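Undergrad: The structure is given below, and queries will be raised subsequently.
The values are calculated or read from the model by the stated rules, or taken from the named source; none is laboratory data. Predicted model only: the values in this text are computed from it and were never measured. We place every Cβ from the backbone using ideal geometry, glycine too, and count neighbours over all the protein chains shown. Accessible surface areas use protein heavy atoms only, side chains included; no ligands, DNA or RNA. Shrake-Rupley method; radii C 1.70, N 1.55, O 1.52, S 1.80 Å.
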Amino acid sequence: MLRIAEQATRTDTGRQRNANEDSFFVRAPIFVIADGMGGAQAGEVASKAAADAFDVDLPDGSPERLLRETIAAANREIHGLARTDPSRAGMGTTLTAAILDPEAEEVAIGHVGDSRAYRLRGGSLEQLTRDHSLVEEMRRKGQLTDAQAVDHPQRSIITRALGPEPEVEPDVQTVVAASGDVFLLCSDGLTTMLDDERIARLLGDATSLEAAVRALVDEANRAGGRDNITALAFRLEDPTAPAAGHAEGATLIGSSAEEAGLTSTEVRRRAAAAAAQSRREQLAAGGRPRRWRTAARALLALLLLAALAFGAWYGSRQVWFLGTDDAGRVALYRGLPYELPLGIELYEERYASPIQTAALPPKRRDAVTGHDLRSRSDAVSLVEDIQRSQGLK
């Protein structure tokens, strides 16, 4: 039987949006994310309604049937809200939901739109859902290559969502789960900024799922943060499975240790003997010269690190790039577009234009969010050119 060993969620407005229209719901074994769309905060209303549809006492039944019925109910509610309020006409939302069946050791997934579900197993990331988007349909038909689909200008156009129509047909599937599996649900604000390889690396290298979702959101923002970003992850484990043994042999406890001759007195005697032997070997080899050699090597390593750090700092002062500040404006930065652990930033903002990045034409917007490294004169000229094109001197 499987159980939820760890779970974490993080959502962020991103760098180019003024409001967060993503919503989520978590009550193990149910996990849900939704990415809303529509003006006048209608997207926020739609995504919240979709997530809240799961915040009820769900009836008994198969997880797949529960997903279908709950998604259908959410669609009816959102469609009804849009019809009764003209300001919400056309609103909708994506939805990706997962339900763990611990006894069957399976996870059921319901999906509408281009938010995604992934499974990380043994370091390999697998996309479990298929985007309901125009670009994905063109890619499946062979009209676009994978590379063309990544940067296609119509990649945000979805072909299926909750709300626009009276009825919607979700994709529902059940996948086999195993102890150690990590499932990730995320909005397209993450997947349009990071490729699967980067997502897998961030998930696999993190010390916890809380650190993993934080790293995913932060990295997506550093890549441009063009949309709201939500990442929800949970890890499964089998509590009945025996712990993996150590390569050097099993741990001995109590009577087993005594039978092996490892009483507390014997352990102390062996440790003292090993320490004495180590001191004798150091004296025989000339302990003091060895200590001086060790100290010299440590000092040399520190000097090399200091030189490298200074070189990196000096080099970062010579490069510039364009980006988007916290207010969504075109900004000029000096340094490198990276952030070290502990929140150490390798860049500083030097100028913020009154122009919103989101208001720029696609090609201009990509020049800002691409974070290409430039000389100071080149970066300043580009900012001035953008301002002139928007009617500013």
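Undergrad: Which residues, counting only those in segment 203-220, are over 30 Å from THR240 (Cβ atoms) and open to solvent by 20 Å² or more (accessible area, probe 1.4 Å)?
TA: First, the residues of segment 203-220 that are over 30 Å from THR240 (Cβ atoms): 214-220.
Of everything in segment 203-220, those that are over 30 Å from THR240 (Cβ atoms) and open to solvent by 20 Å² or more (accessible area, probe 1.4 Å) turn out to be ARG214, ALA215, ASP218, GLU219.
Undergrad: Give all pairs with beta carbons closer than 6 Å in which a residue from segment 45-56 that is among the polar types (S, T, N, Q) meets a residue that is buried (at least 23 other Cβ atoms within 10 Å of the Cβ) and in a loop (DSSP other than H, G, I, E, B); count only pairs at least 6 apart in sequence or on separate chains.
TA: Partner pairs satisfying both residue conditions: SER47/GLU21.
Undergrad: Here's a follow-up. Are there any pairs with C-beta distances below 7 angstrom linking a residue in segment 13-37 that is hydroxyl-bearing (Ser, Thr, Tyr) to a residue that is surrounded by fewer than 24 Cβ atoms within 10 Å (Cβ to Cβ) and part of a loop (DSSP other than H, G, I, E, B), with the two at least 6 apart or on different chains, and if so which?
TA: The qualifying pairs are THR13/ALA19; THR13/ASN20.
Undergrad: Tally up the residues in segment 100-134 that are at positive phi, surrounded by fewer than 18 Cβ atoms within 10 Å (Cβ to Cβ) and more than 18 Å from the chain's Cα centre (by Cα), please. Steps first, please.
TA: Step one: filter segment 100-134 for residues at positive phi, giving 105, 113, 122-123.
With the extra rule that they be surrounded by fewer than 18 Cβ atoms within 10 Å (Cβ to Cβ), the set shrinks to 105, 122-123.
Subset that is more than 18 Å from the chain's Cα centre (by Cα): 105.
Here the count works out to 1.
Undergrad: Further question: Among residues belonging to segment 169-197 that are in contact with a strand residue (DSSP E or B) (Cβ under 6 Å, 6 or more places away or on another chain), among the polar types (S, T, N, Q) and open to solvent by 40 Å² or more (accessible area, probe 1.4 Å), point out the one that is farthest from MET1 (Cα to Cα).
TA: Ranking the candidates gives GLN173 first.
Undergrad: When both residues are 6+ apart or on different chains and their Cβ atoms are under 8 Å apart, which pairs have a first residue that lies in segment 129-153 and is under 14 Å from THR191 (Cβ atoms), and a second that is modelled with pLDDT of 75 or more and open to solvent by 60 Å² or more (accessible area, probe 1.4 Å)?
TA: Qualifying pairs under 8 Å: HIS132/THR159; HIS132/ARG160; SER133/ILE157; SER133/THR159; VAL135/ILE157; GLU136/ARG130; VAL150/ASP195.
Undergrad: Of everything in segment 19-43, what is of a type outside the set (D, E, K, R) and part of a strand (DSSP E or B)? Give them in sequence order. Outline the logic, then answer.
TA: Going residue by residue through segment 19-43, those that are of a type outside the set (D, E, K, R) are 19-20, 23-26, 28-34, 36-43.
Those that are of a type outside the set (D, E, K, R) and part of a strand (DSSP E or B): SER23, PHE24, PHE25, VAL26, ILE30, PHE31, VAL32, ILE33, ALA34, GLY36, MET37.
Undergrad: Which one is farthest from ASP22 (Cα to Cα) among residues in segment 221-241 that are open to solvent by less than 20 Å² (accessible area, probe 1.4 Å) and of a type outside the set (S, T, N, Q)?
TA: Filtering first and then ranking leaves LEU236.
Undergrad: Conditions: (1) assigned to a loop (DSSP other than H, G, I, E, B); (2) open to solvent by 30 Å² or more (accessible area, probe 1.4 Å). GLN16 meets all but one. Number of the miss?
TA: Just one mismatch for GLN16, condition (2).
Undergrad: Considering only residues that are under 11 Å from the mean Cα position of the chain (by Cα) and not in a helix (DSSP H, G or I), look in segment 165-202 and name the one that is nearest to GLU105 (Cα to Cα).
TA: Residue satisfying both the conditions and the ranking: LEU184.
Undergrad: Across segment 352-393, which residue is nearest to ASP227 (Cα to Cα) among those that are basic (Lys, Arg) and out of contact with any helix residue (DSSP H, G or I) (no Cβ under 8 Å at 6 or more places or on another chain)? Show your work before the answer.
TA: Residues of segment 352-393 that are basic (Lys, Arg), as a first pass: 363-365, 374, 376, 388, 393.
Remaining after also requiring out of contact with any helix residue (DSSP H, G or I) (no Cβ under 8 Å at 6 or more places or on another chain): 363, 376, 388.
On the way: LYS363: 17, ARG376: 28, ARG388: 26 Å.
My answer is LYS363.
Undergrad: Given (1) open to solvent by 10 Å² or more (accessible area, probe 1.4 Å); (2) assigned to a strand (DSSP E or B), where does SER87 come up short, assuming only one miss?
TA: (2)
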